[in-house]
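The values are calculated or read from the model by the stated rules, or taken from the named source; none is laboratory data. Note that this is a predicted model, so its numbers are computed, not measured. Quick reminder, even Gly has a Cβ in these numbers, built from the backbone with ideal geometry, and neighbours come from all protein chains shown. Note: accessible area is taken over every heavy atom of the protein model, side chains too, but ligands, DNA and RNA are not part of it. Shrake-Rupley method; radii C 1.70, N 1.55, O 1.52, S 1.80 Å.
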Amino acid sequence: MNRPLILVIDDDIQIRRLLEITLRASGYEVEMAATGREGISIAASIKPDLVLLDLGLPDKSGQEVLREIREWFANPILVLSVLTGEEEIVDALDNGANDYLTKPYRTGELLARVRSLLKRAQPVGNLPSITSGNLNIDLVAKVVKNNGEVLKLTATEYALLVLFARNEGRVLTHQYLLKEIWGPGFLNQSQYLRVYVAQLRKKIEKDPNRPEIIVTESRVGYRFTEGR
Amino acid sequence: MSELNVHKISTGRQCLYSGLAVIVVALFCGAISRYVGYHVIAFVLLLAVSVVAMFFDIIPILVAALMSALVWDFFFIPPYFTFTVNSTEDTIFLLIYFVVAITGSILTYKIRRAEMRARAREEREYTFRLYNTLLNSLSHELRTPIATIMAATDNLVHQPEQLTEEGRSELLAEISKATYRLNHHVENLLNMSRLESGFLKPRNDWCDINELIYFTVGRIEENYPNRKIEVEVPADLPLANTDRGLLEQVIFNLLINAVIYTPGNSLIKVSASCNEDIVTLNIDDSGGGFPEAEIEKVFDKFYRLKNANPGGTGLGLSIVKGFVEALGGTVLLVNRKSGGASFTITLPVEVSYLKNISNE
């Protein structure tokens, strides 16, 4: 089987070297680019399976690189940022990044994100059902089972859960969720989202206070995972 | 004490007040002039000028001095209601009055200014001392983990063959711990500079406090899996419109303090409650508490307890206070009767009881 090809775009040589060693050790092919321009042209020629993009680049802002690459590149992009400002992360996600990590991050976390992004990159197709961890969503019959047990969900809870499950591993921003579920008129009504996420957790999480399926990304959004 | 306030009054207004003071005293003098000679009146007027000199700026002081000399001449030195002075003695007296009023009040003013300067210098020295304390604790706090990392990596790089498998993994664990510590300090320093920049503007959004507390507790437990933190939040706690990021940092700093500075098996408890539009958070520990004499100071920047163990930068609690105030709230520290410290954060917020929507 082919080893997945990852393109790392980062201006810092230490980080590049570290990522190269780490990723190669985990069985990936790795290409490097030190600037945004170089990154875009390498991405165009090698068509990587995944791009690791640092947002603080010397020649172009990471957001610009993201927008330009996204015009023709469909594979996952994982954004690395040293800034703690959530605006930048939300912008990056809105500009087409699939996920983000803030530096400093744990290597284990990085590899987990890469794995999950690559796994989902394989087309889901028009599957009639989604299975994740103990959850099974029958999209035809609109029935959700947790450990085989049928869950009673309201229409909104169901829509929210399906949206999450279709984007497993991906961070969905508050704004995106509000727009998709409630419509563009509800972008300022984040209290609905808070309440529905809390309700959904009560129904699907083992311990709703320590959620493992719908995980909070502080001030950015939520991420749906397989759970443990 | 009142000096600082007086300086906020404009010079024009100060002149008006000092003029009024002279007029009031002059009226009083008019009332007693029947019983005392006009030389005594001069001393009473001089007293008024001296009082003005104790509080006002230089121009209003000079106004009072000049006005009182003119008032004395015009109303009290015979012939009355003219500026003419008949006797040589009175002329000399008037001149001396004028000189004494001016020099006396200028001297008073100068002494006051010198005092203020000395006070400012003291404040500067205090800041400087604090700065030194910061440098000391920071260089200790930053260098220790760096030294650990350097020593451990040197060991791993230069004499790998002499290390046992166990030794190697111990060194790696030390490096990992040191980087975590370093990261925590850098985070605090960045937060402090956010506060100091004055650009810290809360970005409010609806926040599920219950979720926030468990989330933050989870962050701590990830790094201190052996510490048990109890959470007590009522089921009907409303959503609060506040800055989740700032509040998270506040809770995190208080919890990490409790985790670091209290015995490993002692209880830490976070609780929250809401009364109308006031959300109250409590972080209680059952450690040794704080020395009563120092409770007032622990939120000061760079302040460290007198008997504190090395470690810590004195930034954590001042960030707590700064962030809580940026959120419009207050933070209070008391020692619990049963032992341990209790932090209470009071936040006036907009709340929403939009919970448990089931009318679909």
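For the protein assembly as shown, the solvent-accessible area with a 1.4 angstrom probe is 53 square angstrom per residue. With the simple model of a label 7 Å out from the Cα in the direction of the Cβ, B:H140 to B:H158 spans 2.7 nm. If only the Cβ of Lys and Arg carry +1 and only the Cβ of Asp and Glu carry -1, the dipole of the protein assembly as shown around its Cα centre is close to 380 debye. With a cut-off of 9 Å between beta carbons, the residues surrounding B:K269 carry a summed charge of -4, where Lys and Arg count +1 and Asp and Glu -1. Across region A:20-31, rounded Karplus estimates of 3J(HN,Hα) from the backbone phi angles (6.51 cos²θ - 1.76 cosθ + 1.60, θ = phi - 60°) give 4, 4, 4, 5, 4, 4, 8, x, 10, 7, 10, 10 Hz, Gly and Pro being marked x. Applying 0.36 nm per residue to the separation of B:Y353 and B:T133 and subtracting their alpha-carbon distance, the gain on full extension is 74.5 nm. Charged neighbours of A:R16, selected by a Cβ distance under 10 Å, balance to -4 (K, R count +1; D, E count -1).
Would you kindly state how much longer the chain becomes between A:R106 and A:I46 on full extension, computed as 0.36 nm times their sequence separation minus their alpha carbon distance, in nm to one decimal? Each step should come with its number before you reach the end.
Details: separation 60, 0.36 × 60 = 21.60 nm, distance 2.78 nm.
Full extension of this stretch gives 18.8 nm more.
If you filter region A:62-153 for trypsin sites (Lys or Arg not before Pro), then keep DSSP loop positions with at most 15 other Cβ within 10 Å, what is left?
Working: sites: A:R67, A:R70, A:R106, A:R113, A:R115, A:K119, A:R120, A:K142, A:K145, A:K152; in loops: A:R106, A:K142, A:K152.
Those satisfying the criteria are A:R106, A:K142, A:K152.
Each label point was placed 7 Å from the Cα along the Cα-to-Cβ direction; for A:T154 and B:A235 their separation is 1.7 nm.
If you average over every viewing direction, what projected area does the convex hull of the Cα atoms of chain B give, in nm²?
Details: hull surface 126.3 nm².
The orientation-averaged projected area of the Cα hull of chain B comes to 31.6 nm².
Site pair A:E226 and B:R219 shows an inter-label distance of 2.7 nm when each label is modelled 7 Å from Cα along Cα→Cβ.
On the beta carbon distance between B:N265 and A:R70, with R0 = 51 Å, the FRET formula returns roughly 0.45.
Taking 0.36 nm per residue of sequence separation and removing the Cα-Cα distance, the B:H39/B:F83 pair yields an extension gain of 14.2 nm.
Apply the a/c threshold of 1.5 to the C-alpha gyration tensor of region B:180-282 and tell me whether it is rounded, prolate or oblate. Judged from the Cα gyration tensor, region B:180-282 comes out oblate (a/c at least 1.5, b/c at or above a/b).
For every helix of n ≥ 4 consecutive DSSP H residues, a contribution of -39,500 (n - 2.57) applies; sum these over chain B, divide by its total residues, and give [θ] at 222 nm rounded to the nearest 500 deg cm²/dmol. Present the calculation step by step, with values, prior to reporting the outcome.
Working: 9 runs with 207 residues, N = 360.
Calculated mean residue ellipticity at 222 nm is -20000 deg cm²/dmol.
Could you work out, residue by residue across B:205-212, how many beta carbons of other chains sit within 10 Å of that residue's beta carbon, and then give the average as an integer?
Working: counts 6, 9, 4, 7, 0, 3, 8, 2.
Partner-chain Cβ atoms within 10 Å, mean over residues of B:205-212: 5.
Remark: the Cα gyration tensor places region A:5-121 in the rounded category, a/c being less than 1.5. Applying 1/(1 + (r/R0)^6) with R0 = 22 Å to the Cβ-Cβ distance of B:T11 and B:R117 gives a FRET efficiency near 0.65.
Would you please put B:173-182, A:95-104, A:47-56 in order of how densely packed they are, using the mean number of other Cβ atoms within 10 angstrom per residue and starting with the highest?
Details: B:173-182: 15.6, A:95-104: 18.7, A:47-56: 22.1.
Order by mean packing, descending: A:47-56, A:95-104, B:173-182.
Chain A and chain B together bury an accessible surface of about 2200 square angstrom, both sides counted, with a 1.4 Å probe and no ligands or nucleic acids included. FRET efficiency for B:L172 and A:R3, Cβ-Cβ distance as r, R0 = 41 Å, nearest 0.05? The calculated FRET efficiency here is 0.90.
Just add up the charged neighbours of A:L50: K/R +1, D/E -1, any other residue whose Cβ is under 15 Å from the Cβ of A:L50. Could you put the intermediate results ahead of the total?
Numbers: positive: A:R3, A:R24, A:K47, A:R70, A:R113, A:R115, A:K119, A:R120, A:R170; negative: A:D10, A:E20, A:E29, A:E31, A:D49, A:D54, A:D99.
Net charge around A:L50: +2.
Rounded to the nearest 20 debye, the dipole size of chain B about its Cα centre is 1320 debye, using +1 on the Cβ of Lys and Arg and -1 on the Cβ of Asp and Glu.
Over region A:129-224, how many pairs of lysines fall under 20 Å by alpha carbon, counting only those 8 or more apart in sequence or from different chains? Total qualifying Lys-Lys pairs in region A:129-224 comes to 9.
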